[in-house]
Amino acid sequence: MSTVHKVGVVGAGLMGTGIAEVSARAGHDVVVVESTEAVATAARGRLEHSLQRAEAKGRLDPAHGNAAKVFSRITFETDLSAMADRDVVVEAIVEDEATKVELFRRLDAIVLAPDAILASNTSSIPIMKLGVATSRPAHVIGIHFFNPVPVLGLVELVPSLLTSADTTARSRAWVEQSLHKHAIDCQDRAGFVVNALLIPFILSAIRMFESGFASAEDIDQGLVQGAAHPQGPLALADLIGLDTTRAVAESLYAEFKEPLYAAPPLLARMVDAGLLGRKSGRGFYTYS
Ligand code: NAI
């Protein structure tokens, strides 16, 4: 049985709000920490809306209450010390190694229970780098969810060389028994399983578009109608966020030094321009 009751989430962007939502829907008491009041307020609104939509579609488990009840289990804070009493903390802040390392160093000083699980939702940063930033690397693990978290059933479990078997077992019990996700086991290598395969595919599509070989629509339709993908690679990059896509590509390139992981110049220019995909309203496509 899962020993996790109190869940903490740091970062309430695309992923953090999703992780908070599925945790509260599973009956957990959830505290979310964001960097500013304004971002926290916007995330709160998105989360409430998402719960209302899930309720309208009959997707909430009646055993854990209606949308209002689930929402009442989630608290938003801007002070990291709100993580002190948590059984598990999932970090879902920006994909930047130095920023994450600093956060794990601070969490180590704040989270009280010595056996609390300190998890990262990183897509590509080695878990070892985060573990050794703390005095308790045995309790640090990658728990990598997929976007949109309430919809996609997969989680990658990524223990580092120093993560204890007990931490991995308790993490597995939480994601499988409480959150009803399917866990796959990955070695602590940049990109784990899914992004090590997916990111080079997306980068190839960007290179194809950048070279003028085909339009964004035709590249995506090619994969949707020709290979039965639910969406094309450029639409998927927009969904992931082009900043996150670039950051993950850079981590993969830093780890493996393979040209297939190198971010194409167009991706870098778009990120510099603030064209981040769905979350900014424009990427390879425009969103209202
Ligand atoms: P995002 O850009 O939507 O959200 C990141 C949030 O973290 C922002 O709201 C930002 O204000 C907040 N933040 C940054 N520094 C913080 C700090 N020190 N304390 C508290 N909040 C802080 O990013 P997204 O897409 O949610 O990604 C978050 C993590 O999840 C990244 O590590 C990413 O690689 C990973 N991930 C992303 C996926 C995707 O499809 N976007 C899929 C799976 C994992």
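Observations, loosely collected:
- Exactly one residue out of ALA165, ALA138 is of a type in the set (A, V, I, L, M), surrounded by 15 or more Cβ atoms within 10 Å (Cβ to Cβ) and more than 15 Å from the ligand (Cβ to nearest atom), and it is ALA138.
- Annotation: PHE201 fulfils all but one of (1) in contact (Cβ under 8 Å) with a residue 12 or more places away in the chain; (2) within 16 Å of the chain's Cα centre (by Cα); the unmet one is (2).
- Within the option set VAL151, VAL155, being under 17 Å from MET15 (Cβ atoms), without any contact (Cβ under 8 Å) to a residue 12 or more places away in the chain and of a type in the set (A, V, I, L, M) holds for one residue only, VAL151.
- Of everything listed in (1) within 11 Å of the ligand (Cβ to nearest atom); (2) open to solvent by 20 Å² or more (accessible area, probe 1.4 Å), the single unmet condition for VAL193 is (1).
Residue-wise test of (1) open to solvent by 20 Å² or more (accessible area, probe 1.4 Å); (2) touching a strand residue (DSSP E or B) at 6+ places or on another chain (Cβ under 8 Å).
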site	(1), (2)
ILE202	no, no
ALA214	yes, no
ALA227	yes, no
TYR253	yes, no
GLY274	yes, no
PHE284	yes, yes
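- Within region 255-272, tally of residues that are open to solvent by less than 30 Å² (accessible area, probe 1.4 Å) and within 16 Å of the ligand (Cβ to nearest atom): 4
- Residue in region 90-106 that is more than 11 Å from the ligand (Cβ to nearest atom), touching a residue at least 40 places away in the same chain (Cβ under 8 Å) and not acidic (Asp, Glu) present: no
- Out of LEU47, LEU51, one residue alone is of a type in the set (A, V, I, L, M) and more than 15 Å from the ligand (Cβ to nearest atom). It is LEU51.
- Cβ-Cβ under 9 Å pairs, at least 6 apart or on other chains, region 262-286 side under 19 Å from MET208 (Cβ atoms) and among the hydroxyl-bearing types (Ser, Thr, Tyr), far side open to solvent by less than 60 Å² (accessible area, probe 1.4 Å) and outside any loop (DSSP other than H, G, I, E, B): TYR285/ALA216; TYR285/ASP220; TYR285/LEU234; TYR285/ALA235; TYR285/ASP238; TYR285/GLY277
- Pairing residues of region 7-32 that are under 14 Å from GLU48 (Cα atoms) with residues that are near the ligand (Cβ under 8 Å from one of its atoms) and assigned to a helix (DSSP H, G or I), at Cβ distances under 6 Å and at least 6 apart in sequence or on separate chains, gives ALA12/ALA43; THR17/ALA43.
- Some residue of region 144-156 being more than 10 Å from the ligand (Cβ to nearest atom) and acidic (Asp, Glu): no
- 1 or more residues at pLDDT 95 or above, β-branched (Val, Ile, Thr) and under 30 Å from ASP29 (Cα atoms): qualifying helices (runs of 4 or more DSSP H) within region 175-284: 194-210, 233-240, 242-256
- Within region 117-147, restricting attention to residues that are part of a loop (DSSP other than H, G, I, E, B) and aliphatic (A, V, I, L, M), the residue that is farthest from THR163 (Cα to Cα) is ILE125.
The values are calculated or read from the model by the stated rules, or taken from the named source; none is laboratory data. Note that the coordinates shown come from a computational prediction; the quantities given were computed from them, not determined experimentally. We place every Cβ from the backbone using ideal geometry, glycine too, and count neighbours over all the protein chains shown. In case anyone asks, the SASA skips ligands and DNA or RNA and just uses the protein heavy atoms, side chains included. Shrake-Rupley method; radii C 1.70, N 1.55, O 1.52, S 1.80 Å.
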